[in-house]
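> Structure in structure tokens, see below.
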Amino acid sequence: MGMPSKSKIFEYWMNWLAEKGIDWGEPCCWACGRFWEDKYDIKKPHATREEIIKNWDNVPLQRCHIIAKQFDGTDEPSNLFLMCRDCHDKAPNTRSVEAFLIWTEKQNWYENFRDEVMKEMKNFGLEDRVEELNEIIANREIKGKIIGNLGIHMNQNGKGAQITISTYISALYEYLKEQDKLKVSQEGNNLA
């Protein structure tokens, strides 16, 4: 029979997802909550139930076993969960539905992203300049200059490209380095 479609898995879990506050028309990872802005959202305010269900087949989520295959987990929708690749890679291989669901409850895409950003900021010695960086990012003109210095990283699996966090932080680092040089130069001119 094979794996059921993502829409079949979603259909099985619909009520559980509603109880968890997951908007059926705004697909996201069922563990960490990662989403793709409005790229996969249902844009019709009066979409039918069938349209909403079918839409989940388009979302870049993976079908993950709750009870691992090595423990005789099945390919039934009741044993499958839709998660992003990162959560799927980190998910526990377990015999326990309860343990799996507890693990999913503790995942948070925003916290993981923030931690990754802070790690890269520390790598570049910028961890004490968070407020300054927030001001820079909020300035459209400066943000435009920084974006112009971003390189696109091809994914190693050959499926598209992305701007990595380290690329973005390194561009901020270079911008701040130039700004710091300008300040030192201006201070030197003011002393003269």
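The values are calculated or read from the model by the stated rules, or taken from the named source; none is laboratory data. Here the structure is a predicted model, which is why all the values come from computation and not from measurement. All Cβ positions, glycine included, derive from the backbone under ideal geometry; neighbour counts span all protein chains shown. Accessible surface is based on the protein model in full, side chains and every heavy atom, while ligands, DNA and RNA are left aside. Shrake-Rupley method; radii C 1.70, N 1.55, O 1.52, S 1.80 Å.
> Considering only residues that are β-branched (Val, Ile, Thr) and crowded, with 16+ Cβ neighbours inside 10 Å, look in region 60-87 and name the one that is nearest to Glu26 (Cα to Cα).
Ile66
> Oh, and also: Which of the residues that make up region 29-58 are closer than 16 Å to Trp13 by Cα, in a loop (DSSP other than H, G, I, E, B) and either touching an Asp or Glu at 6+ places or on another chain (Cβ under 7 Å) or of a type in the set (A, V, I, L, M) (or both)?
Ala31
> In region 161-192, how many are basic (Lys, Arg) and either at pLDDT below 80 or within 30 Å of Pro60 (Cα to Cα) (or both)?
Of the residues in region 161-192, 0 are basic (Lys, Arg) and either at pLDDT below 80 or within 30 Å of Pro60 (Cα to Cα) (or both).
Here is a yes/no grid of residues against (1) modelled with pLDDT under 90; (2) of a type in the set (A, V, I, L, M); (3) assigned to a loop (DSSP other than H, G, I, E, B):
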{"site": "Cys87", "(1), (2), (3)": "no, no, no"}
{"site": "Pro92", "(1), (2), (3)": "no, no, yes"}
{"site": "Ala99", "(1), (2), (3)": "no, yes, no"}
{"site": "Gln107", "(1), (2), (3)": "no, no, yes"}
{"site": "Asp115", "(1), (2), (3)": "yes, no, no"}
{"site": "Glu131", "(1), (2), (3)": "yes, no, no"}
{"site": "Ile142", "(1), (2), (3)": "yes, yes, no"}
{"site": "Leu150", "(1), (2), (3)": "yes, yes, yes"}
{"site": "Lys159", "(1), (2), (3)": "yes, no, yes"}
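> Could you list, in sequence order, the residues of region 1-21 that are of a type outside the set (A, V, I, L, M, F, W, C) and open to solvent by 70 Å² or more (accessible area, probe 1.4 Å)?
Lys8, Glu11, Tyr12, Asn15, Glu19, Lys20
> Just name the residue that is least open to solvent (accessible area, probe 1.4 Å) out of those in region 92-127 that are under 17 Å from Lys20 (Cβ atoms) and among the hydrophobic types (A, V, I, L, M, F, W, C).
Phe100
> In the list Trp36, Trp103, Trp30, which residue meets the criterion of being aromatic (Phe, Trp, Tyr), within 30 Å of Tyr168 (Cβ to Cβ) and touching a strand residue (DSSP E or B) at 6+ places or on another chain (Cβ under 7 Å)?
Just one listed residue meets the conditions, Trp30.
> May I pose another question? Among the residues of region 117-129, write down those that are in contact (Cβ under 8 Å) with a residue 40 or more places away in the chain and assigned to a helix (DSSP H, G or I).
Val117, Glu120, Met121, Asn123, Arg129, listed by residue number.
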